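Shown next, in structure tokens, is the structure this report addresses.
What follows draws every value from the coordinates through simple rules; no lab data is involved. As the structure is a prediction and not an experimental result, all values here were calculated from the model. So basically every Cβ, Gly included, is an ideal-geometry build from the backbone, and we count neighbours across all protein chains shown.
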Amino acid sequence: VALLYTYNRPELLGRSIRCWLEQEYTNKQLCIFNNGNTAITIGGDLSSDITNQGIFVVNKNTDVWTGLPFNNLGTIYMNGLHWFSDEIMESDLVTMWQDDDMYLSHFLKSCNDLADYPLDLPSVFKTKEFIFHDKGNRISKRDENNVEGSWIIRTAFLLNHGFAEPSMHPESKLYTHLIKADDYEQGNFLVSSSLPKTYIYDWNN
């Protein structure tokens, strides 16, 4: 399962969906949580076949628990876990699919191969490097991977810890548990230098 959170960015979302449709790995579901004030529907000028590609959309701009408008990213992310709980529970792995970044066609396949690690751990997988692309300054370079959009997360770990709220970086709560000494010694964070760079962080677009 890939969780995608978006807010009124249809052009970027369209590109992100294209990255999703072009993935070589086929046993997948894309769960789009839109907290914008304009509902997203899959279809329109696109072929109706897209609705059979494992793409699901939930449009909500209020918190399911309080009924109030969202005021922080952590709450938005937790609402996504709620509305897509069935899809998430059916999957062993979850990735945080960013609506404004790019994923090459072998992203899911290479990370899924890595997840066949013989041990029950680690809880999160990522490649050693990613591609940083700064469109405004015309810079593209390889960089040490410190971006959550490339993470592949074991479902049990995600549901056990959830997301920080409030926080500008909801994944920071997961990261806190990953870098604890006792967890780290168990290999809770696996960084692979053998996997190809399949994630492009698109900045200044």
For E129, distant residues with modelled amide H under 5 Å away: N145
So, in nm, how far is label Q53 from label N37 when the simple model puts each one 7 Å beyond its Cα toward the Cβ? 3.0 nm
I want to check the label-to-label distance for T66 and T176. Put each point 7 Å from Cα in the C-beta direction and report it in nm to one decimal. 1.8 nm
Would you mind checking K128/K197; K126/K173; K141/K197; K28/K128; K60/K109 for any pair whose Cα atoms are more than 19 angstrom apart? K28/K128; K60/K109
So the label point goes 7 Å from the Cα of L159 along Cα→C-beta, right? Which residues of segment 86-103 then have their backbone N under 12 Å from it? 86-94
